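Here's the structure, in structure tokens; my notes come after.
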Amino acid sequence: MTERRVSLIGALLVAVGPVSMALYTPAMTELVRAFGSTDAVIKLTLTLYFGGFAFAQLIAGPLSDALGRRPITIAFMGIYCLGSIAALFAPTVEVLMAARFVQGIGASAGIAISRALVRDLFTDEQSSRIMNLIGIILALGPALAPTIGGLMLPILGWRSIFVLMALIGFGVIAVAVFAMKETVVADRSRLNFRALGQSYAMLLTNRHFLTTATVMGGALGALYAQATFLPFILMGAVGLGAAQFGVGMLLQSGSFFVGSLVVRSLMQRMKSDDLVPIGLGFIALGSVGMVSSLIWTPSFLGVMIPVGIYAFGIAFVMPAMSTAALAPFGRNAGAAASMLGFFQMGSGLLMGSLGAAMGDAVIAMAILIPIMGAAACVAYVLYRRMPETAALTRPEPARATGSGTPIVPCPAPVTAPDP
């Protein structure tokens, strides 16, 4: 598969989760009325989606290591389509909650498998270029989705959103069947819980992975946390309608898109690693702007300009840190990509849940998102302070094969120990 094909397929797979979230958020206030429910219950449908998305990744990635990228993509997208159809015909809010959880499970394979595809085929600056291109294409989906959802609501009603999600799922299945080639050799011997536990234990005790994943969790994870706050801030506190909210969210996705284009231009004369501190600077600036909501009455620009600055900074961070996080784990690329995705979605789920418990979305976003930005900055400082040898995964000691030939880790990229 060529660099361009991997970029396009990877972007499509990654986009399913955020697009499903972005299409849904304009409908949240309408769903409160449609089901005679409350804001807290409808927020829970988004939390359950995040939960299914975050935790199912931990299974999807390793399954793709053992059974192949294509069949797992097709299977999980089938689950996503079933969840979308169930949500379409949901008679009660309880059924909608269950359907959203199933949708999250199905969408989870996209982010894990897309990154594993890149790691299977490319490394170093070439990998960062692909991650950047994925980011550019990815920005278009979430940029347009709230606008599309906001415009569909008054014309076709909230159920039409789930029709569109089902069509997206079937489209991804078609791409996986006809355009996606397998990039790993299936090895069913790796399909056991003990090996999976050892893989994750190795990742969670690896300083390189922990620091890089925390940078990604604090930076990109903030987008998922904001998704639980912004509908209630912009449509509740600020007073926007659903269509206005959809158009207004272009400031977030548009900033990420512009940032990705700027990064692509800069990467022609700078290393992607050198762009990360610049991005973290924008994230810090956006975080400071969000804190101002504690002082002044929320307005559209007062809320969305800091959000846009934060999103602009994420575009500088994502390519290099995604590549760095997965670089040492060639044989366990699926498991590493899953855990990386879990850090992102898990941080968004955690902060979104804390924000729901706080009750006031304005206060929650002004406190919790800056905490995520600070965590990303601190983790990056720790990552840069590690000795160069620690920037690679700890090499496994030479061990004997059945033939008596010692296995010595290659210097670059280093493959993590195989459980």
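Bear in mind these aren't lab numbers, they're just calculated from the coordinates by the rules spelled out. Remember, predicted model here, so these are calculated numbers, not experimental data. Please note: Cβ atoms are built from the backbone with ideal geometry, for glycine as well, and neighbour counts cover all protein chains shown.
Things to note:
- By the count of other C-beta atoms within 10 Å, a proxy for reagent exposure, Trp158, Trp296 are ordered fewest to most as Trp296, Trp158.
- Prolate/oblate/rounded call for the stretch 335-391, Cα gyration tensor, a/c under 1.5 rounded: oblate
- Ranked by the mean number of other Cβ atoms within 10 Å per residue, highest first, peptides 316-322, 48-54 order as 316-322, 48-54.
- Computed on the chain, with alpha-carbon pairs under 8 angstrom and 6+ residues apart, the relative contact order is 24 percent.
- Residue exposure sequence - Val215, Val291 - by fewest surrounding Cβ within 10 Å: Val291, Val215
- Taking other C-beta atoms within 10 angstrom as a stand-in for reagent exposure, Leu164, Leu326 fall in the order Leu164, Leu326, fewest first.
- Rounded to 0.05, the FRET efficiency of the Asp273 and Arg33 pair, given R0 = 56 Å and the Cβ-Cβ distance, is 0.70.
- Note: relative contact order over the stretch 46-118, using C-alpha pairs below 8 Å and six or more positions apart, is 50 percent.
- Max-minus-min Cα coordinates of the chain on each principal axis give 70, 43, 37 Å, with the largest extent listed first.
- Qualifying trypsin sites (Lys or Arg not before Pro) for the stretch 259-297 [loop in DSSP, other Cβ within 10 Å: at most 11]: Arg269
- Amide H contacts under 5 Å for Thr183: Arg69, Arg70, restricted to partners 5 or more places along the chain or on a different chain, H placed in the peptide plane at 1.01 Å from N.
- Part-to-part distance (alpha-carbon centres) for the stretch 226-286 and the stretch 1-45, which is given in Å: 17 Å
- Estimated from helical segments only, the mean residue ellipticity of the chain at 222 nm is -26000 deg cm²/dmol, where each DSSP H run of four or more residues counts as -39500 (n - 2.57).
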